[in-house]
Amino acid sequence: MTGVRNSGGKSQRMARGERGKDSLHEGRNVAGRARQAAGAVEHPLRERAERIRDRMGETYEHASEWAHDTYGRASTWAEDAYERGHDSVERARSRSARMTRGVRDYASENPMVVCMVGLAAGFLIGTLLPRTRRENKAFGEWSDDVREQGLRYAQDMTQRGRDYVEEALRGDEPSLSGHDAELEPEPRHKRH
């Protein structure tokens, strides 16, 4: 029995060995086909990944150029706006200084006109301000009399100012003459 076992065991081992070899061979074939299938999938995937990487690089370059150009334009616009603003401020300062000098020169050359304008402005402001109860109680009729006298005085001063200006403009001073037409009242047109 031992001999039978041995011979049967050997054949079983051989059969198992053959099956193992067949399985190994089949496993290698399956692995080879899997490698081929993976290679077939890997190549298009790799190409697609490279195309995506290239597109991303181009997109990044375009975005960088756009950002650089936009920053440059914004910077230039800001510089121009600052310069325009600075120039405007300087022109305004210059005009203000010229106007101040002009008013100062006019006031020193024509003190009577400035005085009359000041009085008229003061009177106008005074008449525009509302009276209070306290003023009416304290000054009553006297305030009405002063107001009427002030009004007459302002009208008189206004006429004197007109006369003074007309005389100055019609006088011998060549820089002031020739303005007679400005003193004449404008003709009124009749409306139909």
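Looking at Glu186, is it at pLDDT 75 or above, acidic (Asp, Glu) and loosely packed, with under 10 Cβ neighbours inside 10 Å?
Here the answer is no, as Glu186 does not meet what is asked.
Before we move on, is Thr127 under 20 Å from Met157 (Cα atoms), polar (S, T, N, Q) and assigned by TED's automatic domain parsing to the domain that holds Gln159?
Against the criterion (under 20 Å from Met157 (Cα atoms), polar (S, T, N, Q) and assigned by TED's automatic domain parsing to the domain that holds Gln159), Thr127 qualifies.
Quick one: how many residues across the stretch 112-139 are in contact with a Leu (Cβ under 8 Å, 6 or more places away or on another chain) and at pLDDT 80 or above?
Residues flagged as in contact with a Leu (Cβ under 8 Å, 6 or more places away or on another chain) and at pLDDT 80 or above within the stretch 112-139 amount to 0.
With outside any helix (DSSP H, G or I) and surrounded by 11 or more Cβ atoms within 10 Å (Cβ to Cβ) as the only criterion, which of Arg131, Arg147, Arg160 stands out?
The unique qualifying residue is Arg131.
The values are calculated or read from the model by the stated rules, or taken from the named source; none is laboratory data. As the structure is a computational prediction, the values presented were derived from the model and not from experiment. Cβ coordinates were reconstructed from backbone atoms using ideal geometry, including for glycine residues, and neighbour counts include every protein chain displayed.
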